[in-house]
Amino acid sequence: MTYDKWWQKAVVYQIYPKSFQDSNNDGVGDIQGIINRLPYIKALGVDVIWLNPIYQTPDIDGGYDISDYQSINPQLGTMSDFESLISEAHHLDVKIIMDLVVNHTSSQHEWFQKSMVSKSATNKYRDYYVWRDPVNGHEPNNWGSFFSGPAWTYDEPTGQYYLHLFTKEQPDLNWDNPDVRESIFAMMNWWADKGIDGFRMDVISLISKPKNLPDAPVKENDTYGNPGVVVSNGPHVHQYIQEMNQKVLSKHHWMTVGETTGVTTDEAKRYASLDGNELNMLFQFEHVGYDGNSNAALGQFSGYKPTLHDIRKSLVKWQKAFAGSAWTSLYWSNHDQPRAVSWFGNKAPEFRDLSAKMLAALLHFMQGTPYIYQGEELGMTNNDNFHDISQYRDVEAINLYRTTVLEKGLATSNDMLDYLRVHSRDNARTPMQWGNQLYAGFSAHKPWLEVNPNYKTINAEAALENQNSIFYFYQQLIALRHKLPVITNGRFDLVANNETDDQIFAYTRQNSDMVLLIIANFTDKTVNRHFDLPKHYKCLIQNYHDDLLDIIRPYEVKVYQYAPNA
Ligand code: ISL
């Protein structure tokens, strides 16, 4: 098996443009802000930037409601700014991938506006979306939207419902219509001509709806069925992605990553097979999905933190399942998830730095393409200062609060706020912390979403001045990936008997030249463990200043390198 694709050796940095850097002081990050910060990104050493959506949008869902796929959101800049970003990034040898959001459009998109006009067969845009007659005066089936309420909205003038798995402003496209697919493929090729380097594909596993749209299982306390299980990996999803591959992807030296909710390992291997007839890699959600008994619909946060057993079981399962046949993405966080150090690590002042580095090393030595979500390289945390619903901007959080607390009275306001402080997507979307000045150097204007008050100590300026910072630790990890082929092509094995260890996660990577042994303490306690090391070995990287060998301190991580059969 050869591992010679550029994206197999790459590290990706994810930018949420509204929250990265504001260059014109209107409180919203923008494309020029990203250009200004390219030297910082280059200094980290990453190969690729993934931009969350920057297209024209009413911005109901953080830009995931696109009203024109071929123009730029004026709040973020102009097409000429975007062209400069591409050329300046390429000049620094950094590639740019964009978000492709084609399960749905905005309801303001021209296609949907035309679709609404009439249900007549002569309106070719009607069939671009999923319209259905009422059934017994009600919605066509029991599906709920992922963002609360029904997944169907009734259109009075034409007497039909349209489907929206997300907000009612995000109608689902009908991928069974060949004209829809051709329009999307043409748009993708148009972006190729702009010089982009690939796409991250939003909820691509949901594009093929099951025939007859059957009802979905209803969870306790829910009014509606959860369409996730019914819609994921629908009947024609692989056919449509293969068609996209033939008509678009195979023509470019791109990197593609599918966001595939609800995939099993077997299904996932079809999307991201090394054969290359669909996508290059995918995001699966198993390891970020452990939230114990929490129930959003009741505003209940269980207090459950994923255990080492949960995390190891999942990560090992995916490493093993994909070995030699498919390629995956490695990530702890993104714009939809809590901050990595708050959720998986320990944000207490004495452990934040150590646990952030431990998590980084644990992930970055695995096989796959690692993603760093903006601010993760600084150890940014959830915002503990969110204490009122008016502080939130995310439609998911606001809708959940409205339906659960205000409309149904299922949860108290305090319970829901406790829940959101842990789980809300706004935790990841607070402005990037560049310095200790007002608004953290993100903007001179009050930002669209509050800055986390810990910016005075947790910020990029402080990190760049401290040789032992999390930033430089990530820089080393990235440089090691570029230098050592074993990180890309080595075989992954858990250390013998490690699967039952409550405190330590230890695995090896090995090829014919080298072995790496990664040892990570997942707890705030010192642990004694003996690992057999050959006579000649070196410690490649660690998050303490010295090595006490069989004594592994709180959140300690260390990586040994030695020769095979030594
Ligand atoms: O449960 C889900 C689907 O089974 C959702 O969690 C879904 O996986 C997730 O919301 C998908 O997120 C992506 O698409 C959304 C957007 O709001 C997110 O920001 C994006 O990452 C709709 O476009």
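Each value in this text was obtained by applying a stated rule to the coordinates, not by laboratory testing. No experiment lies behind these values; they were computed from the predicted model shown. A quick note on method: Cβ atoms are made from the backbone with ideal geometry, for glycine too, and the neighbour counts reach across all protein chains shown.
Taking the Cα atoms only, what angle lies between the long axis of helix 352-364 and the longest principal axis of the chain, rounded to 10 degrees? In the chain, helix 352-364 runs at an angle near 80 degrees to the longest axis. Evaluated with a Cβ-only charge set (Lys, Arg +1; Asp, Glu -1), the range 110-163 carries a dipole of roughly 160 debye about its Cα centre, given to the nearest 20.
Take 353-362, 275-284 and order them by the average number of nearby Cβ atoms within 10 Å per residue, most first; the result is 353-362, 275-284. On a 0 to 90 degree scale, rounded to 10, what angle separates helix 413-423 from the longest Cα axis of the chain? With rounding to tens, the tilt is 60 degrees. For the set K18/K114; K483/K558; K119/K211, the pairs lying more than 22 angstrom apart at their alpha carbons are K18/K114.
I'd like to know which of L400, I389, H335 lies farthest towards the positive end of the charge dipole of the chain, counting +1 on Cβ of Lys and Arg and -1 on Cβ of Asp and Glu. The one lying farthest along the dipole's positive direction is H335. If the viscosity is 1.306 mPa s and the temperature 10 °C, what translational diffusion coefficient in µm²/s does Stokes-Einstein give for the range 226-378 when Rh comes from Kirkwood over Cα pairs? After rounding, the answer is 93 µm²/s.
Any idea what the dipole of the range 432-565 comes to, in debye rounded to 20, about its Cα centre with Lys/Arg Cβ at +1 and Asp/Glu Cβ at -1?
320
Hydrodynamic analysis of the range 490-562 uses the Kirkwood radius over alpha carbon pairs. Inserted into Stokes-Einstein at 10 °C and 1.306 mPa s, it gives a translational diffusion coefficient of 127 µm²/s.
The angle between the Cα long axis of helix 237-247 and the main principal axis of the chain comes to about 80°, on a 0 to 90 degree scale. Taking each DSSP H run with n ≥ 4 as -39500 (n - 2.57) and averaging over every residue of the chain yields -7500 deg cm²/dmol at 222 nm. For the pair D532 and F285, label points projected 7 Å from Cα toward Cβ lie 4.3 nm apart. The charge dipole of the chain, taken about its Cα centre with unit charges on the Cβ atoms of Lys, Arg (+1), Asp and Glu (-1) only, comes to about 1100 debye. The range 231-260 and the range 275-331 have Cα centres separated by 21 Å. Label point of Q70 set 7 angstrom out along Cα-Cβ; within the range 93-111, amide nitrogens under 14 Å from it belong to 110-111. On full extension, the segment bounded by L92 and M79 gains 2.7 nm, given 0.36 nm per residue less the C-alpha separation.
In this structure, L44 and N189 have a Cβ-Cβ separation that, at R0 = 30 Å, corresponds to a calculated FRET efficiency of about 0.45.
How high is the relative contact order of the range 490-562, in percent, with contacts defined as C-alpha pairs under 8 Å that are six or more residues apart? Write out the running numbers ahead of the final one.
On the way: 137 pairs, mean separation 22.9, N = 73.
Once divided by the residue count of the range 490-562, the mean separation gives 31 percent.
For the chain, the fraction of C-alpha pairs more than 30 angstrom apart is 52%. Within the straight-line cut-off of under 18 Å between alpha carbons, the aspartates and glutamates reachable from K535 are D513, D547, D550, sequence neighbours fewer than 8 places apart in one chain being disregarded.
A straight chain from H138 to T307 at 0.36 nm per residue would run longer than the Cα-Cα distance by 56.5 nm. Among F473, L173, Y64, which residue has its Cα furthest toward the positive end of the charge dipole of the chain, with +1 on Lys/Arg Cβ and -1 on Asp/Glu Cβ? The residue sitting most towards the positive pole is F473. One Cα centroid belongs to the range 128-156, the other to the range 166-222; the line between them spans 17 Å. Taking 7 Å steps out from each Cα toward its Cβ at N24 and T122 produces label points 4.3 nm apart.
Below 8 Å between Cα atoms, with a sequence gap of 6+, how large is the relative contact order for the chain in percent? Numbers along the way, then the final one.
Numbers: 1177 pairs, mean separation 73.3, N = 566.
Computed over the chain, the figure is 13 percent.
Rounded to the nearest 0.05, what FRET efficiency do Q239 and K446 have when you use their Cβ-Cβ distance and R0 = 51 Å? For R0 = 51 Å, the calculated efficiency reads 0.55.
Under a crude label model (7 Å from the Cα following the beta-carbon direction), how far is E407 from N212 in nanometres? Reported label-point gap for E407 and N212 is 3.0 nm. Report the antiparallel proportion of the DSSP beta bridges in the chain as a percent, rounded to a multiple of 5. Given both bridge residues lie in the chain, the antiparallel proportion sits at roughly 60 percent.
Taking Cα pairs under 8 Å and at least six residues apart, what relative contact order does the range 311-455 come out at, in percent? Could the numbers behind the result be given before it?
Working: 172 pairs, mean separation 35.9, N = 145.
Relative CO of the range 311-455 lands at 25 percent.
According to the Kirkwood relation over distinct C-alpha pairs, the hydrodynamic radius of the range 389-504 is 18.3 Å. Counting only residues at least eight positions apart within a chain, or on another chain, the aspartates and glutamates with an alpha carbon under 14 Å from that of K247 are D179, E182, E278.
Selection among N497, N123, V230 by position relative to the dipole of the chain gives N497 as farthest towards the positive end (Cβ unit charges, Cα centre).
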